[in-house]
Amino acid sequence: MSTAADYSRGRSGAPPPLFPGNGFTNMRRSQRDALGFFNEISATADVAAFRQAHRKPYITSHPEAFKQVFGVQQEQFPKTSLGNDILRWMLKDGLLTSQGDAWKRQNHLLKPAFKGSFISAFGGDIQAACIASVERLAAAGEKPVLLQQEMQSLTLDIIGRILFGDTLLDERPDTLAFRRSVDDSNHLFRRLINGIPLPPNRITPTGRLMLKSRAVQERFLDGVIQQARADRPRFSGSILDALLTAADDPDNHWATDDHIRDQLLILLAAGHETTTNALAATWYLLAQNPKTLGQLREEWQEVLAGDPAGAEHFDKLVLTQQVLKESMRLIPPVWITGRGVLPDTEILGYSLKGGNDILLLFHSLHRHPEFWDEPEKFRPERFAKPLAHKFSWLPFGAGRRICIGSHLAMLEATLALATLGRRFDFELQPGYEYQPEPLVTQVVADGLPVTVREVR
Ligand code: HEM
């Protein structure tokens with residue numbers, strides 16, 4: 001395999017080539033079709049630069065560049081990009097958006113709770129949420145269902161049980177408003193990053209909408225925290241309980257209720273939007289690939305032997321996990337991320353100017369022709385072999401800021417596929433065409449309308 005030194009050969013110190021187009025035309029193009037536009041730029045060089053509004057970010061989809069940014073040189077690529085600033089305006093400071101000591105403190109507190117061994121203990125909760133989803137789908141009869149929305153109900157139920165220790169979200173009358181406001185924020189993010197980004201304010205329509213969404217989310221979570229403070233035993237053992245316990249310690253000045261609220265918002269938002277989209281994309285791909293669905297049903301029959309899918313089956317659901325991995329390769333829920341470049345540095349022989357952003361395009365990383373055979377084809381069995389490059393498949397990111405919820409996501413999505421897939425066929429509505437909607441997460445457009453049929 002080629003190394004970083006091989007890729008640098010012949011261009012040491014040169015700036016990345018500049019993609020044609022001025023800041024305005026490029027901004028218009030990314031407003032119309034961000035995914036297509038960024039893919040096009042990224043195909044021109046291992047690292048390219050382009051003008052967008054008044055900025056000149058770099059973009060890459062080369063695994064060796066991901067290795068430098070997330071791994072070898074991660075100190076030089078902090079989370080200070082424009083995208084991260086906008087996320088911080090939307091979600092304030094939590095594990096996803098913070099930096100330095102604040103991030104270290106939060107990571108130290110939360111990481112143990114999301115370890116694989118700890119998360120397996122939530123197998124029963126995940127199973128219960130999957131069974132509730134089966135009941136809702138069975139009740140729909142053969143009426144059309146928006147499967148994306150059902151996946152959102154399911155994943156929100158799961159993360160709610162993990163954060164709060166029970167089915168609190170089912171009971172609260174404001175859960176639906178919260179859920180809608182998270183969808184709104186996802187759309188607003190795209191609008192801000194494609195326009196002239198301004199912190200939330202009452203002057204611009206986008207700023208007003210963002211403040212409104214944020215207020216709905218704050219009211220909802222303040223209500224949950226009040227409820228937990230008034231009835232601690234009910235929340236015992238939950239992640240919220242751990243955060244409240246940290247706040248009880250007078251040495252932890254940082255652990256205020258506002259801080260706990262911001263932390264919960266990030267865990268709730270990051271913890272269900274992504275998995276919703278991974279599942280919706282997988283159902284879509286399985287509807288296109290009935291042979292694989294047939295093979296999955298054989299696996300479910302053999303491994304589960306009629307029992308409800310639980311954490312104890314996870315390791316044996318090998319094809320199910322390969323299908324999920326292939327789905328997240330083709331339709332990565334997080335399709336792009338960004339980092340700041342600080343100070344001037346070099347990757348793959350290109351010199352990067354400190355102060356600019358670098359965009360990391362997971363979508364075309366996962367299709368890089370040098371590292372993937374027939375990249376557009378859905379072939380889950382490719383994950384039976386080692387990857388061609390350790391950094392060629394990164395749906396959960398990598399390095400220090402790797403997704404804290406990757407074990408949870410894989411466990412819940414595997415159990416959800418097995419539980420729902422052995423009971424139902426999801427038939428896409430006639431004429432449905434998948435159009436990716438690249439917001440913060442990549443959303444399966446139009447809510448994925450399907451007819452639900454019991455498997456005979
Ligand atoms: C299929 C599902 C998921 C995908 C594809 C996904 C993807 C990602 C990616 C790519 C990152 C890194 C972003 C970057 O480096 O800029 C990330 C970070 C993060 N994810 Fe996930 N995620 C998923 C599920 C979850 C779940 C279930 C949680 C629940 C807690 C979660 C919480 C977080 C948090 C808190 C971070 C920030 C970590 C840090 O910066 O230290 N994610 N996720």
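The values are calculated or read from the model by the stated rules, or taken from the named source; none is laboratory data. Quick caveat: nothing in here was measured; it's all calculated off a predicted structure. In this analysis, Cβ positions are derived from the backbone assuming ideal geometry, glycine residues included, and neighbour counts consider all displayed protein chains.
Just a few scattered comments:
- With respect to (1) in a loop (DSSP other than H, G, I, E, B); (2) more than 12 Å from the ligand (Cβ to nearest atom); (3) within 16 Å of the chain's Cα centre (by Cα), the lone exception for PRO333 is condition (2).
- Of the numbered criteria (1) outside any helix (DSSP H, G or I); (2) in contact (Cβ under 8 Å) with a residue 40 or more places away in the chain, the one LEU156 fails is (1).
- Note on the range 436-456: residues that are assigned to a loop (DSSP other than H, G, I, E, B) and more than 25 Å from ILE86 (Cα to Cα) total 3.
- Among the residues making up the range 408-437, none is touching a Lys or Arg at 6+ places or on another chain (Cβ under 7 Å) and near the ligand (Cβ under 9 Å from one of its atoms).
- Qualifying positions in the range 31-77 - in a loop (DSSP other than H, G, I, E, B), surrounded by 23 or more Cβ atoms within 10 Å (Cβ to Cβ) and in contact with an Asp or Glu (Cβ under 7 Å, 6 or more places away or on another chain): HIS62
- Within the range 343-357, if we keep just the residues that are outside any strand (DSSP E or B) and in contact with a helix residue (DSSP H, G or I) (Cβ under 8 Å, 6 or more places away or on another chain), the residue that is farthest from GLU376 (Cα to Cα) turns out to be PRO343.
- Per-region count, the range 235-262, residues within 23 Å of ARG88 (Cα to Cα) and of a type outside the set (Gly, Ala, Ser): 14
- For the range 387-419, a residue qualifies if it is within 15 Å of PRO333 (Cα to Cα) and of a type in the set (Ser, Thr, Tyr), and exactly one does: SER406.
- Any hit, the range 283-292, residues being closer than 30 Å to VAL216 by Cα and modelled with pLDDT of 95 or more: no
- Options LEU394, LEU360: the member that is within 12 Å of the ligand (Cβ to nearest atom), at pLDDT 95 or above, among the aliphatic types (A, V, I, L, M) and part of a loop (DSSP other than H, G, I, E, B): LEU394
- Residue match in the range 283-290 (condition: closer than 17 Å to HIS62 by Cα and over 25 Å from the mean Cα position of the chain (by Cα)): no
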